[in-house]
Amino acid sequence: MPGQKHGSSTRFHIHTLGCKINQYESQAVRERWEERGWREAGGAGLADVVLVHTCAVTSGAVADSRRAVSRLVRAAPGARVLVTGCASQVEAGAFAAIPGVEVVVPQSAKPGLGAWSPGCVLPDVADAAAPTRGSWPDFSISRFRRARPILKVQDGCSHCCTYCIVPRARGPARSRPYEDILGEARLLLDSGHRELILSGINLGQYEFDGGGDFWTLLARLEADLSPQWAGAARLRLSSLDPGMLGAPALKVLAASRMTCPHLHLSMQSGDPGVLAAMGRAHYQPRSVLDFLGEVRTFWPHAALGADILTGFPGESESAFQATREFCLTARLGYAHVFAFSRRPGTLAAKAAGQLGKEEKKRRAAILRDDLERLERAYLEEIAGLAHLVMAVEGEQALNGSSEYYVECRLERPSPVPWGGLLPVRPLGVRDGALLVEPA
């Protein structure tokens, strides 16, 4: 029966919601438990220990997290259910009140999960110290469950946008020591992965050891990896704050031999007034467009994506149209469009000028239609290239992702192993993906 087996025979199940960083941290806990002889169960109902990793990016994400916890408690009667992550950090009482939850684990105590055993006491959120700016959580991985592993280099955020709960949920910005990053990158490459995704909560607040920023990190990492891996492996950048974009970024990206030609921007709006109301006046849409124009001089087919938040309090019709114009002018290949929803605990939730639900939905639908057209056009553009390099994913090695962040599909299994890079030729577009063949 679940809950009766401990020590080396303990069976566990991890359920992860939310961002890449949650995925990375779940993998770190998984590896520590497996090193101790624990075995991953085939489902929650077969587990002695269930860990639920929650998300708080929106109110909907918090509700999804609560439902997931309740569902897993029902699925694993008798199991010890642990809850951690952003949603449980900011709404600890609501998660602790769910019958069957043993403990809500605060962010600062999450690294200690690797050494936890049934019966041990973990600190409660109310009793745990919050992460501090100089601290770095003791997480590391040696492999990943997906072909393209996440390499966590940064955590937390000190910016405090008016709509965002992340500083409360994750704490202030902290940067991972470079030698740890380099060592983990080499370990992942040696284990067979050929694309690493450099990730953090806010990469714009990365501070390089002894001085420098994220672009210093990227240049140094490439310099150390290129002698062995240039042409055989690649680096991909996760979401970037547009305030990071400038001459240093252009210099590093233009000289790069390993970075995928793909930028995903946490843009949020194309209107300066809305950006100011969001607490994001540290960049301007016009300067971002100028930067992207420069990027296309050395990456002519660059994949450009963005996060867009529409229907923000006080967003006028003209401000909304400015965001539409930004997306079209930037020729985004895709975007994640969100309609603003009030997030308790943020300044924007109480701001004047709240838009009605239907109007927010209307604007989001219009933007999504715009982006669907842009995405189709970009897909056709990439389909016209002579060759691509696909990172092989999927159990049957029939699909993967190109350097341009476009999904590729093979009609026959790949001749290279899962996680490897395969040169391919585009054959055309089918069902929103590229049909390709080995080059």
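The values are calculated or read from the model by the stated rules, or taken from the named source; none is laboratory data. Bear in mind that the values here come from a model prediction, so they are computed numbers and not experimental data. FYI the Cβ positions are ideal-geometry reconstructions off the backbone, even for glycines, and counts take in every protein chain you see. The accessibility values were calculated without ligands, DNA or RNA, using every heavy atom of the protein model including side chains. Shrake-Rupley method; radii C 1.70, N 1.55, O 1.52, S 1.80 Å.
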Requested in this report: Kindly establish whether Ala281 is in a loop (DSSP other than H, G, I, E, B) and without any contact (Cβ under 8 Å) to a residue 12 or more places away in the chain.
Outcome: yes
Query - Per-region count, the stretch 201-237, residues surrounded by 20 or more Cβ atoms within 10 Å (Cβ to Cβ), part of a loop (DSSP other than H, G, I, E, B) and in contact with a helix residue (DSSP H, G or I) (Cβ under 7 Å, 6 or more places away or on another chain) - result: 2
Query raised in the report: Among the residues of the stretch 387-413, which ones are more than 25 Å from Leu237 (Cβ to Cβ), out of contact with any Ser or Thr (no Cβ under 6 Å at 6 or more places or on another chain) and not in a strand (DSSP E or B)?
Result: Glu395, Gln396, Leu398, Glu411, Arg412, Pro413
Query raised in the report: When the residues of the stretch 313-329 are filtered to those that are within 19 Å of Cys161 (Cα to Cα) and among the small types (Gly, Ala, Ser), which remaining residue is most open to solvent (accessible area, probe 1.4 Å)?
Result: Gly314
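The rows are residues; the columns are (1) free of Cβ contacts under 8 Å to residues at least 40 places away in the same chain; (2) open to solvent by 20 Å² or more (accessible area, probe 1.4 Å); (3) among the hydroxyl-bearing types (Ser, Thr, Tyr).
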| site | (1), (2), (3) |
| --- | --- |
| His15 | no, yes, no |
| Gly18 | no, yes, no |
| Asn22 | no, no, no |
| Trp33 | no, no, no |
| Gly37 | yes, yes, no |
| Glu40 | yes, yes, no |
| Asp48 | no, no, no |
| Val52 | yes, no, no |
| Thr58 | no, yes, yes |
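Please tell me if Gln27 is open to solvent by 20 Å² or more (accessible area, probe 1.4 Å), at pLDDT 95 or above, not in a strand (DSSP E or B) and not hydroxyl-bearing (Ser, Thr, Tyr). Working first, answer last.
Details: open to solvent by 20 Å² or more (accessible area, probe 1.4 Å): no; at pLDDT 95 or above: yes; not in a strand (DSSP E or B): yes; not hydroxyl-bearing (Ser, Thr, Tyr): yes.
When the stated conditions are applied, Gln27 does not pass them.
If I filter the stretch 338-361 for residues that are open to solvent by less than 20 Å² (accessible area, probe 1.4 Å), out of contact with any Cys (no Cβ under 7 Å at 6 or more places or on another chain), within 25 Å of Tyr163 (Cβ to Cβ) and assigned to a loop (DSSP other than H, G, I, E, B), do I get at least one hit? It would help to see each step written out before you state the result.
Of all residues in the stretch 338-361, those open to solvent by less than 20 Å² (accessible area, probe 1.4 Å) come to 340, 343, 346, 348-349.
Subset that is out of contact with any Cys (no Cβ under 7 Å at 6 or more places or on another chain): 340, 343, 348-349.
In the following step, the residues that additionally are within 25 Å of Tyr163 (Cβ to Cβ) were identified as 340, 343, 348-349.
If we keep only those that are assigned to a loop (DSSP other than H, G, I, E, B) too, we end up with 340, 343.
Within the stretch 338-361, one or more residues are open to solvent by less than 20 Å² (accessible area, probe 1.4 Å), out of contact with any Cys (no Cβ under 7 Å at 6 or more places or on another chain), within 25 Å of Tyr163 (Cβ to Cβ) and assigned to a loop (DSSP other than H, G, I, E, B).
Just need a number here: residues in the stretch 144-196 that are part of a helix (DSSP H, G or I) and either open to solvent by 40 Å² or more (accessible area, probe 1.4 Å) or farther than 21 Å from Gly243 by Cα (or both). Before you say what the answer is, go through the steps one by one.
Narrowing the stretch 144-196 to residues part of a helix (DSSP H, G or I): 166-170, 178-190.
Add one more test, that the residue is either open to solvent by 40 Å² or more (accessible area, probe 1.4 Å) or farther than 21 Å from Gly243 by Cα (or both), and what stays is 168-169, 178-190.
Qualifying residue count for the region: 15.
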Requested in this report: Name, by its number, the condition in (1) part of a helix (DSSP H, G or I); (2) touching a residue at least 12 places away in the same chain (Cβ under 8 Å) that does not hold for Val103.
Outcome: (1)
Query - Pick from the stretch 292-337, criterion charged (D, E, K, R) and in a helix (DSSP H, G or I), ranking: nearest to Lys251 (Cα to Cα) - result: Glu294
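Each row is one residue, and each column tells you yes or no for (1) of a type outside the set (Asp, Glu); (2) touching a Pro at 6+ places or on another chain (Cβ under 8 Å); (3) part of a strand (DSSP E or B); (4) under 14 Å from Gly18 (Cα atoms).
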site	(1), (2), (3), (4)
Gly45	yes, yes, no, no
Val52	yes, no, yes, yes
Ala61	yes, no, no, yes
Ser70	yes, no, no, no
Leu82	yes, no, yes, no
